[in-house]
Amino acid sequence: MRATLILLRHAAPVVPSPGGPDDYTRPLTTEGHQQARSVIDELRALAPHAIVSSPYLRAVQTVQPLAHALDLPVRTDHELREWDSGLEPRPDYARHYALSWTMPRLARPSGESLDQLSHRAVLALAELAHQHRDGTVVVGSHATFIARALVGFGFTQVDWAFSHAMPMPPGSVWTELPHPAAAATESSAHVRIGYARATTVRQSLDTQLDSLRGAGIGRIFSEKVSTRAQTRPELDRAVALAREIRASGAAVTLVVHEHKRLGRCIELAALAEQLKAADIGLEFLTGELQGSHDPSGVVFTVLAALSGMEREYIRDRTLEGHESARARGKSIGGAAVADEAMLSMALHLRENGHSLRDIAARLVITHVKKKGRHPSPATVLRLLRDHDLGAAAAAVPLRPK
């Protein structure tokens with residue numbers, strides 16, 4: 001089953017005017033409050049289990065009566081806000097909005113274009129649907145947001161006239177739009193989802209995050225996890241959300257700083273298969289493979305092969321270095337912390353039934369930089385294992401020549 005999202009335009013607000021309330025704090029009029037109360041029964045019959053709203057006051061006030069009737073909280077989400085048009089509140093806003101609909105890629109200073117709004121709306125609603133599977137959610141928002149979301153989901157009939165005529169609750173009779181054909185109509189929205197990963201906790205994600213934000217990526221999943229880790233929860237979440245959006249008809253691209261952030265060898269090849277099956281694009285912002293790539297293409301196949309070869313190369317060089325060091329009489333790793341006295345005590349404690357953890361807690365390092373500290377259980381395990389292997393080898397009788 002899939003989530004059901006009910007998009008509710010806010011009720012009648014105070015008209016914007018110079019010197020009046022800003023766009024965030026414009027409240028509903030008396031008529032608007034009546035409109036909000038009038039839809040309670042109709043919406044309650046749909047049994048919503050959650051109510052989410054734009055943070056703008058007029059949107060919150062529209063869903064508050066329903067929330068009170070259902071004893072549900074109203075959660076606000078900044079991504080559901082009105083279009084960031086870059087215009088100051090003014091009574092003749094409609095003229096400027098109409099012009100923007102003829103140039104959807106145009107963004108005013110400090111504002112966003114209508115195409116950018118479609119991207120934001122599709123991503124926000126898809127994430128809500130992903131969070132509320134098998135449930136019904138009432139979403140309080142704005143006419144332009146709702147209209148551009150419909151454009152993003154493939155409703156090509158939506159235009160400025162449609163948006164401007166969108167009724168406020170309860171509104172008037174409104175012609176239902178025909179649904180876009182699933183196969184024939186491709187959404188105009190192109191959603192880009194970012195992913196960043198550092199290998200260790202000490203490594204910083206700042207460079208990757210700055211790069212993704214600089215490329216205009218608003219939704220970024222990030223985590224600190226080793227390349228060898230079997231699971232990467234945030235990457236899984238990013239891919240799951242991308243699938244959800246792609247299933248709605250919008251094009252989706254997973255964007256990363258460079259290919260190494262996605263993994264190596266088998267993991268990278270497996271991810272390529274996932275993206276290919278879901279028809280999700282892939283983009284690298286830097287590195288040898290900078291640009292957009294089709295996951296089913298030869299570049300991604302070669303990438304997986306090269307990453308595996310790189311890992312094997314590093315491993316081989318490391319082993320060669322160890323063998324060379326041993327041949328020259330050098331020890332590998334840190335300074336040894338065990339001595340004969342520690343081994344003797346460890347053997348005694350093991351014979352008396354103590355666990356590795358108990359033995360480690362009773363032993364004390366008497367030299368090197370760790371003097372006075374306890375060895376780790378892993379160190380005790382290696383100490384006892386090496387002793388047992390040596391004793392077993394000494395017990396094997398020599399074969400006569």
Considering only region 12-22, I want to know if a residue exists there that is under 21 Å from A147 (Cα atoms), in the same structural domain as A143 (by TED's automatic domain parsing) and at pLDDT 95 or above.
no
Checked region 209-263 for anything surrounded by fewer than 16 Cβ atoms within 10 Å (Cβ to Cβ) and of a type in the set (A, V, I, L, M); matches are A215, A229, A240, A247
From the list A107, A94, A121, which one is assigned by TED's automatic domain parsing to the domain that holds Q64, of a type in the set (A, V, I, L, M, F, W, C) and closer than 17 Å to A251 by Cβ?
A121
Is it the case, given these coordinates, that G86 is free of Cβ contacts under 8 Å to residues at least 12 places away in the same chain, not in a helix (DSSP H, G or I) and not hydrophobic (A, V, I, L, M, F, W, C)?
no
Can you tell me which residues in region 335-358 are in contact (Cβ under 8 Å) with a residue 12 or more places away in the chain and part of a loop (DSSP other than H, G, I, E, B)?
A335, A336, V337, A338, D339
Which numbered condition in (1) of a type in the set (S, T, N, Q); (2) modelled with pLDDT under 85; (3) surrounded by 12 or more Cβ atoms within 10 Å (Cβ to Cβ) is the only one that T175 fails?
(3)
Can you find even one residue in region 37-57 that is assigned to a loop (DSSP other than H, G, I, E, B), among the hydroxyl-bearing types (S, T, Y) and surrounded by fewer than 20 Cβ atoms within 10 Å (Cβ to Cβ)?
no
If I ask for residues that are modelled with pLDDT under 80 and aromatic (F, W, Y), which ones from region 85-102 would you list?
Y93
Is one or more of the residues making up region 125-142 surrounded by fewer than 16 Cβ atoms within 10 Å (Cβ to Cβ), farther than 12 Å from L5 by Cβ and of a type in the set (S, T, N, Q)?
no
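Quick grid of which residues meet (1) modelled with pLDDT under 85; (2) assigned to a strand (DSSP E or B):
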| position | (1), (2) |
| --- | --- |
| G194 | no, yes |
| R197 | no, yes |
| I217 | no, no |
| I220 | no, yes |
| Q230 | yes, no |
| I245 | yes, no |
| R261 | no, no |
| A270 | yes, no |
| E283 | no, yes |
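The values are calculated or read from the model by the stated rules, or taken from the named source; none is laboratory data. Computed from a prediction, not measured in an experiment: that's the story for all the values here. Using ideal geometry, Cβ is built from the backbone for each residue, glycine included, and neighbour counts are taken over all protein chains shown.
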